[in-house]
Every structure is written in C-alpha cells, then in structure tokens.
Amino acid sequence: MPDALIVGATGLIGRAVIERFGSTPVAVLARRKVEKLAPHHAELIAPIERWADIIAAEKPAVLICCLGTTIRQAGSQAAFRAVDHDLVLAIAESAKRAGTSQMIAVSSVGAAAKSGNFYLRTKGETEDSLRALGFDRLDLIRPGLLRGDRPGPQRLGEGLATIAAPLADALLHGSFRR
C-alpha cells in the first residue's frame, strides 16, 4: 500500500496533487470515482461515514487533505463549516490515531481564527485545531485564488477574479504579493 493517502482528490487541487505524484503510487480516498486515475494508484471509494475506518485500516504515513468547498456550493455557512472544519478535523484525528506522522492540508491565504470574514475564520480555526493534534509534521498550504478547469457551474465572482488576476499579479510586489 502507498505511504500517502489523499482525501479531496476530485477537486482542482486534489487532481493536481495526484498528477504531481506521477509514477509514485498514492492511495486516494473519495466518495466517488476519481476520473482518469492512473492504475498504479489505489482508489478507495466509500461514503464519508466510513472514512475513519478506512484511514485506520490503511495507516498512512502521510495524510494529504485537499478537502474544501465554498459557502455557495455547501448551501450555508453551517454546511461549509461541516466540510472545511469538521470533516477535515475528523479525518485528521483518525489519521493521528492510526499513527500518521505527517499531514499536509490545504487552507487559504489570509486564514486566521480571529478574522471577521467567516470563510477565513473557519480556515484559521481549522488550522489551529490541526496544530493542536500534534502531528510530527504539519504542512499548511495557503493558496490564493485557485485558477484552473473545474467541474460544475462557474461562479461569477471567481470568473471575474480569474480575469483580473494576471493584472493584479503584475502590479503587486513585496508584502502585497500575498
């Protein structure tokens, strides 16, 4: 069995992470089939309720969490938090109990538990909760605007930001570059 387990593999970041593994085998835990998954990767399809048991059985050395949604996709702030905080923390706890020593989690630029923005506050609280678990190594990836082809409906705000991003990238320097 591969040393690394990826959750959230059907989204933009998860698919990119799998691609970066190239010929190195990785286990992928998902609710549904991952499109175009290379045969050397292990695909574990299960409802979320079974993920803790699967993680316990797999005992990955490294957990890579690319889970995430938007408030709009989730339908409410509570549903968003259930994925981006509660589910992320639940799988992290399962991995920690299974002996996982390293976790890599995707968060967001600007994540802060004391933020006035609900999205960034949730991401910051998730980061704090993950730190408290005491992994030997915890890597928190904080991307800005995600650009790339995604399945599902396009969001107007993201579409406009994607168009403006190259100009903003060219104009922002130093500490403004975050």
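The values are calculated or read from the model by the stated rules, or taken from the named source; none is laboratory data. Given the structure is predicted, the values throughout are model-derived calculations rather than measurements. Cβ coordinates were reconstructed from backbone atoms using ideal geometry, including for glycine residues, and neighbour counts include every protein chain displayed.
When the residues of region 104-130 are narrowed to those that are among the aliphatic types (A, V, I, L, M) and part of a helix (DSSP H, G or I), which ends up surrounded by the most Cβ atoms within 10 Å (Cβ to Cβ)? Once the filter is applied, the top-ranked residue is Leu130. Any idea which residue in region 24-36 is surrounded by the fewest Cβ atoms within 10 Å (Cβ to Cβ), counting only those that are more than 20 Å from Leu87 (Cα to Cα) and modelled with pLDDT of 90 or more? Only one residue tops the list, namely Thr24. Applying the criterion of being within 23 Å of Ala4 (Cα to Cα) and under 17 Å from the mean Cα position of the chain (by Cα) to the residues of region 136-161, the residue that is modelled with the lowest pLDDT is Pro143. Taking the listed residues Ile54, Ile18, Ile45, the one that is touching a strand residue (DSSP E or B) at 6+ places or on another chain (Cβ under 9 Å) and either farther than 24 Å from Ala82 by Cα or touching a residue at least 40 places away in the same chain (Cβ under 8 Å) (or both) is Ile18, with no other qualifying.
This table checks each residue for (1) of a type outside the set (Val, Ile, Thr); (2) assigned to a loop (DSSP other than H, G, I, E, B); (3) modelled with pLDDT under 95.
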{"site": "Ile13", "(1), (2), (3)": "no, no, yes"}
{"site": "His40", "(1), (2), (3)": "yes, yes, yes"}
{"site": "Glu49", "(1), (2), (3)": "yes, no, no"}
{"site": "Ile64", "(1), (2), (3)": "no, no, no"}
{"site": "Gln73", "(1), (2), (3)": "yes, no, yes"}
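Among the numbered conditions (1) of a type in the set (Lys, Arg); (2) without any contact (Cβ under 8 Å) to a residue 60 or more places away in the chain; (3) part of a helix (DSSP H, G or I), the only one that Lys36 does not meet is (3).
When Glu35 is tested against (1) over 25 Å from Thr126 (Cα atoms); (2) among the charged types (D, E, K, R); (3) under 17 Å from the mean Cα position of the chain (by Cα), only condition (3) is not met. When Arg81 is tested against the conditions (1) within 18 Å of Ile104 (Cβ to Cβ); (2) surrounded by 16 or more Cβ atoms within 10 Å (Cβ to Cβ); (3) not small (Gly, Ala, Ser), the lone failure is (1).
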